[in-house]
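Asks: Below: one structure in structure tokens.
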Amino acid sequence: MTVDKTELDGILPLLARGKVRDIYEVDGQTLLFVATDRISAYDVIMGNTIPDKGVLLTRLSEFWFKFLEGDVRNHLKPLAPGQTIYDLLPKELSEPKYKEQLDGRALLVQKHKLIPLEVIVRGYITGSAWKEYQRTGNVHGQPQPLGWQESQEFPQAIFTPSTKAEQGDHDENISPEQAAALIGKELCDRVAALAINLYTKCREYAKSKGIIIADTKFEFGIDEITNEIVLVDEVLTPDSSRFWSSEHYAIGRSQESYDKQFLRDWLTANKLNGVDGVKMPEDIVERTRNKYVEAYEVLTGKKW
């Protein structure tokens, strides 16, 4: 079964349908995140789905939340031993027609005030950063050495934020100075340092599995009582990161990818990037799904 969008018949209030996730309110402190099989590229949702994608994203995020739990607090609602999310949801949602929409793709999360930044960390120069560097010699407004090549590794991972756009709008790359003006320098410095540390830890783990994490996007909230930064949304999935094959990595060109860069390349080749309602051919759907499955299996060590 593939899930394009969830329909819970008003049992829980629907707060938002994002590019991938449907978000429901459970109570004043708790949300239900449901990862659908929708896929977006260039900030546009495709007209058809990638089967199992939402379950793959959810399981991979759960893996990384666990991997990083000693480094950062996350937004998952704690469950008692033997407890499932259905024990904390209205009993109607245990009916088969709802469980088939939720099983494996739903997370109960605690509400936090969101920090309004896409917290991007880059370890390699690619994508929009490479394009900016070719034009200006900068990356997110930060000057870089001359003579770099595409896909070259930065000496140290760098914080390259963007604005967090509403659905239908486009995120805008900004400099760390602009980010500091947006959320305050003290909080921005904390977020940047934390994000680089998380990325670096996960990058080294992924390298041991034969995957290069070229860059990734984190999202954070803040506990307004303790002032603690909380890791939210998804973590190091093919939707939020660029995964490359270590075996086939070579500087000076674009890389073989485990993520939705494959879809982006197909859209670009067909001059469809940014076009609404594009329907992917079945071979693109299947090959993209296979990339998500491969990334999940390689990183977690679990068979799909």
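The values are calculated or read from the model by the stated rules, or taken from the named source; none is laboratory data. Every value quoted in this text rests on a predicted model; they were computed, and no experiment measured them. With ideal geometry, Cβ positions are generated from the backbone for all residues, glycine too; neighbour counts draw on all protein chains shown. Calculation scope for accessible area: heavy atoms of the full protein, side chains included, ligands and nucleic acids excluded. Shrake-Rupley method; radii C 1.70, N 1.55, O 1.52, S 1.80 Å.
Asks: Confirm whether Ser40 is over 28 Å from Gly10 (Cα atoms), under 18 Å from the mean Cα position of the chain (by Cα), modelled with pLDDT under 95 and surrounded by fewer than 20 Cβ atoms within 10 Å (Cβ to Cβ).
Replies: no
Asks: Taking into account only those residues within the range 201-210 that are open to solvent by 10 Å² or more (accessible area, probe 1.4 Å) and not in a loop (DSSP other than H, G, I, E, B), which is nearest to Asp43 (Cα to Cα)?
Replies: Arg203
Asks: Please indicate, with yes or no, whether at least one residue in the range 219-230 is without any contact (Cβ under 8 Å) to a residue 40 or more places away in the chain and farther than 22 Å from Pro161 by Cβ.
Replies: Yes.
Every residue, every condition in (1) touching a Leu at 6+ places or on another chain (Cβ under 7 Å); (2) part of a helix (DSSP H, G or I), yes or no:
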{"residue": "Ile11", "(1), (2)": "yes, no"}
{"residue": "Ala16", "(1), (2)": "no, no"}
{"residue": "Glu25", "(1), (2)": "yes, no"}
{"residue": "Phe33", "(1), (2)": "yes, no"}
{"residue": "Ile50", "(1), (2)": "no, no"}
{"residue": "Leu57", "(1), (2)": "no, yes"}
{"residue": "Ser61", "(1), (2)": "no, yes"}
{"residue": "Pro78", "(1), (2)": "no, no"}
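Asks: Now a separate question. Does Glu132 fit the bill of being farther than 28 Å from Glu25 by Cβ, in a loop (DSSP other than H, G, I, E, B) and of a type outside the set (A, V, I, L, M)?
Replies: When the stated conditions are applied, Glu132 does not pass them.
Asks: Something else now. Please work out which residue is nearest to Gly221 (Cα to Cα), limiting yourself to the range 184-197 and to residues that are of a type in the set (A, V, I, L, M) and touching a strand residue (DSSP E or B) at 6+ places or on another chain (Cβ under 7 Å).
Replies: Looking at residues that are of a type in the set (A, V, I, L, M) and touching a strand residue (DSSP E or B) at 6+ places or on another chain (Cβ under 7 Å), I get Val191.
Asks: Taking the range 256-304 as the region of interest, how many residues are open to solvent by less than 50 Å² (accessible area, probe 1.4 Å), within 22 Å of Leu60 (Cα to Cα) and assigned to a loop (DSSP other than H, G, I, E, B)?
Replies: The qualifying residues number 3.
Asks: So which residues in the range 211-239 are among the polar types (S, T, N, Q), in a loop (DSSP other than H, G, I, E, B) and open to solvent by less than 10 Å² (accessible area, probe 1.4 Å)?
Replies: In the first step, residues of the range 211-239 are kept if they are among the polar types (S, T, N, Q); the result is 216, 226-227, 237.
Add one more test, that the residue is in a loop (DSSP other than H, G, I, E, B), and what stays is 226-227, 237.
The answer is Thr237, and nothing else.
Asks: Taking the conditions exactly as written (small (Gly, Ala, Ser), within 21 Å of Lys5 (Cα to Cα) and surrounded by 17 or more Cβ atoms within 10 Å (Cβ to Cβ)), does Ser94 satisfy them or not?
Replies: So Ser94 fails the test.
Asks: Taking the options Arg122, Arg105, Arg59, name whichever one is in contact with a helix residue (DSSP H, G or I) (Cβ under 7 Å, 6 or more places away or on another chain), open to solvent by 50 Å² or more (accessible area, probe 1.4 Å) and either within 24 Å of Val230 (Cβ to Cβ) or modelled with pLDDT under 95 (or both). So that I can check it myself, show each step before the final result.
Replies: Details: Arg122 fails: open to solvent by 50 Å² or more (accessible area, probe 1.4 Å); Arg105 fails: open to solvent by 50 Å² or more (accessible area, probe 1.4 Å).
So the residue among Arg122, Arg105, Arg59 that is in contact with a helix residue (DSSP H, G or I) (Cβ under 7 Å, 6 or more places away or on another chain), open to solvent by 50 Å² or more (accessible area, probe 1.4 Å) and either within 24 Å of Val230 (Cβ to Cβ) or modelled with pLDDT under 95 (or both) is Arg59.
Asks: What number of residues within the range 173-200 satisfy the criterion of being assigned to a helix (DSSP H, G or I) and either within 18 Å of the chain's Cα centre (by Cα) or hydrophobic (A, V, I, L, M, F, W, C) (or both)?
Replies: 17
Asks: A follow-up question, please. Can you tell me which residues in the range 203-218 are touching a residue at least 40 places away in the same chain (Cβ under 8 Å) and either aromatic (Phe, Trp, Tyr) or over 23 Å from His140 (Cα atoms) (or both)?
Replies: Tyr205, Ala206, Lys209, Gly210, Ile211, Phe218 - these are the residues of the range 203-218 that are touching a residue at least 40 places away in the same chain (Cβ under 8 Å) and either aromatic (Phe, Trp, Tyr) or over 23 Å from His140 (Cα atoms) (or both).
Asks: Just give me the residues in the range 80-102 being in contact (Cβ under 8 Å) with a residue 12 or more places away in the chain and either out of contact with any Leu (no Cβ under 8 Å at 6 or more places or on another chain) or part of a helix (DSSP H, G or I) (or both), in sequence order.
Replies: If the condition is that a residue be in contact (Cβ under 8 Å) with a residue 12 or more places away in the chain and either out of contact with any Leu (no Cβ under 8 Å at 6 or more places or on another chain) or part of a helix (DSSP H, G or I) (or both), then Ile85, Tyr86, Leu88, Glu92, Leu93, Tyr98, Lys99, Glu100, Gln101, Leu102 are the ones that fit.
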